[in-house]
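The values are calculated or read from the model by the stated rules, or taken from the named source; none is laboratory data. The structure presented is a predicted model; accordingly, all values stated were derived computationally and were not measured. Ideal geometry is used to build each Cβ from the backbone, glycine not excepted, and the neighbour counts take in all protein chains shown.
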Amino acid sequence: MTNFVLQAKGLSRHYPGDGVPVRAVDTVDMAVETGEAVSVMGPSGCGKSTLLHLLGGLERPTSGEVWLGGQRVDRLSETGWARLRRRSVGFVFQAFHLVDELSAVENVELPALLIGASRKAARGRALGLLERLGVAGRAGHLPDRLSGGERQRVALARALVNEPLLVLADEPTGNLDSGATAQILRLFAGVHEAGQTLLLVTHDPRVAATADRLLTMRDGSIVEDVRLEGGLSRQALLAQVAGWEP
Amino acid sequence: MREAMLALLAKEPAHGYELRQRLTRALGPIGEVLNPGQIYITLSRLEKAGLVRSDQVAQAAAPDKKVYEVTPQGREQVASWLLDVSWPKVAPAEFHLKLVAAAVTGLADPIALIDAQRRDLLRRLRDVQRLAQAAPSDDDAVLILEGTALRLQADVRWLEACERRWTTRRPQ
């Protein structure tokens with residue numbers, strides 16, 4: 001039997017519109033296996049962010065079900081979701097929601113302390129992540145002293161500090177230059193190698209291309225579900241890069 | 001490739017095998033797929049064109065080897081290659097015509113063509129990114145892979161623009 005970490009069954013989210021309801025997400029069925037990296041692309045307004053919010057419990061579906069690791073979660077209370085987000089689901093938002101009164105490293109270690117990690121272990125993991133994201137030098141700064149791109153990376157480190165089973169990310173490289181984007185891509189590659197599951201909603205082709213599998217959304221529905229791995233052989237690829245293809 | 005070989009010879013004379021090693025080093029991971037035969041063919045063409053000349057050097061324990069050096073004419077060619085701003089052909093014109101052709105002939109759905117192209121480009125981008133991540137970060141040749149990745153990224157973005165344009169024309 002396949003081991004799905006995340007499943008949506010007939011998932012819909014409708015908003016009241018002018019007369020006709022807007023079907024932001026329209027009867028979506030999807031399943032993500034443990035350890036998979038999946039990206040979701042689609043034009044603006046196709047419903048991809050709403051889908052991610054439904055899967056992460058930030059919004060409630062109009063109908064349908066969400067299953068996380070064998071547990072139905074779409075009817076979970078706010079506290080139930082808070083517990084899940086602390087332990088098994090890391091969420092990277094478009095808005096960063098850092099705690100203004102805490103330094104960068106304190107923001108990152110907070111979720112680890114909340115699940116009972118020792119101060120030393122939490123600090124070590126937090127600093128390790130900030131290092132990998134190239135912002136270790138800013139660890140002691142309060143969020144208002146950080147640039148937008150630095151805040152975004154701190155928020156990403158915070159989402160990953162408890163090594164969640166599932167990482168949900170909404171435009172994780174939205175405000176970043178290409179160097180910082182490369183650091184995030186490397187980190188995602190590491191997260192993926194470590195066996196964690198990734199679901200990335202993005203416009204950025206480089207982020208989308210870190211995944212094994214691509215979902216394309218249009219008008220609230222998934223219109224395409226394809227695998228990205230297993231393309232060319234190394235030799236053929238190198239020849240193509242060099243422009244020496246026959 | 002031809003001009004890059006000339007440029008390496010403009011630095012110092014070399015025999016074929018040395019030249020091949022230097023090229024391979026400069027190309028980083030791509031050096032793996034360098035075709036050795038191509039190097040020798042190119043050298044003999046360069047010689048015929050008067051851009052390099054060769055000397056037979058006798059070796060004690062091995063057959064004679066040919067050492068190539070660049071001629072003044074070859075040196076000039078390297079200089080003008082370095083300053084030349086021509087750029088490899090880009091795909092937009094042809095793909096755009098494909099979309100137009102698909103629409104007018106009804107033989108294919110333009111949006112489906114865009115989807116297929118995006119899939120293919122993302123697959124390549126995925127592979128190229130992995131190569132770049134696996135390469136040692138102090139290898140200058142990583143820039144070749146980064147350049148390829150950035151181009152693929154730009155191409156995927158352009159497909160988004162195509163999609164926006166063609167979606168509005170699609171019969172509902």
(message) Against the condition within 13 Å of chain A (Cβ to nearest Cβ), within 30 Å of B:LEU9 (Cβ to Cβ) and surrounded by fewer than 18 Cβ atoms within 10 Å (Cβ to Cβ), how does B:GLU146 come out, does it pass?
(response) yes
(message) Take the residues in the stretch B:1-44 that are within 14 Å of chain A (Cβ to nearest Cβ) and in a loop (DSSP other than H, G, I, E, B); name whichever of them is farthest from A:LEU237 (Cα to Cα).
(response) B:MET1
(message) Which count do you get for residues in the stretch B:88-113 that are within 12 Å of chain A (Cβ to nearest Cβ) and either within 24 Å of B:LEU145 (Cα to Cα) or at pLDDT below 85 (or both)?
(response) 2
(request) Identify, by number, the condition in (1) touching a residue at least 40 places away in the same chain (Cβ under 8 Å); (2) crowded, with 21+ Cβ neighbours inside 10 Å; (3) outside any helix (DSSP H, G or I) that A:ARG158 doesn't meet. (result) (3)
(request) Filter the stretch A:105-122 down to the residues that are surrounded by fewer than 21 Cβ atoms within 10 Å (Cβ to Cβ) and not small (Gly, Ala, Ser), then identify the one that is nearest to the chain's Cα centre (by Cα). (result) A:LEU110
(message) Tell me yes or no: at least one residue of the stretch A:169-184 is under 21 Å from B:GLU160 (Cα atoms), at the interface with chain B (Cβ under 9 Å from one of its Cβ atoms) and either among the small types (Gly, Ala, Ser) or surrounded by 17 or more Cβ atoms within 10 Å (Cβ to Cβ) (or both).
(response) yes
(message) With within 16 Å of A:ILE222 (Cα to Cα) and in contact (Cβ under 8 Å) with a residue 60 or more places away in the chain as the only criterion, which of A:GLY90, A:GLY35, A:GLY69, A:GLY47 stands out?
(response) A:GLY47
(request) Could you list all residues from the stretch A:74-86 that are under 19 Å from A:PRO164 (Cβ atoms) and out of contact with any helix residue (DSSP H, G or I) (no Cβ under 9 Å at 6 or more places or on another chain)? (result) A:GLU78, A:THR79, A:GLY80, A:TRP81, A:ALA82, A:ARG83, A:LEU84
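A quick yes/no check of all residues on (1) small (Gly, Ala, Ser); (2) farther than 25 Å from A:MET41 by Cα:
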residue	(1), (2)
B:GLY74	yes, yes
B:VAL78	no, yes
B:LEU99	no, no
B:ALA132	yes, no
B:ILE144	no, yes
B:GLY147	yes, no
B:LEU150	no, no
B:ALA154	yes, no
B:LEU159	no, no
(message) So, B:ALA102, is that one surrounded by fewer than 18 Cβ atoms within 10 Å (Cβ to Cβ), out of contact with any Phe, Trp or Tyr (no Cβ under 7 Å at 6 or more places or on another chain) and closer than 28 Å to A:HIS203 by Cα or not?
(response) no
(request) Could you tell me whether any residue of the stretch A:37-52 is in contact with a strand residue (DSSP E or B) (Cβ under 9 Å, 6 or more places away or on another chain), in a strand (DSSP E or B) and surrounded by fewer than 16 Cβ atoms within 10 Å (Cβ to Cβ)? (result) no
(request) Identify, from the list B:ALA91, B:ALA102, B:ALA154, the residue that is free of Cβ contacts under 8 Å to residues at least 60 places away in the same chain and out of contact with any Leu (no Cβ under 9 Å at 6 or more places or on another chain). (result) B:ALA154
(request) Please give the number of the condition A:HIS97 fails out of (1) of a type outside the set (Gly, Ala, Ser); (2) touching a strand residue (DSSP E or B) at 6+ places or on another chain (Cβ under 8 Å); (3) assigned by TED's automatic domain parsing to the domain that holds A:VAL154. (result) (2)
(request) Among the candidates B:ASP140, B:ASP109, single out the residue that is surrounded by 13 or more Cβ atoms within 10 Å (Cβ to Cβ) and among the acidic types (Asp, Glu). (result) B:ASP109
(request) Would you point out the residue of the stretch A:197-246, among those that are over 24 Å from B:GLU163 (Cα atoms) and buried (at least 21 other Cβ atoms within 10 Å of the Cβ), that is farthest from the other protein chains (Cβ to nearest Cβ)? (result) A:THR197
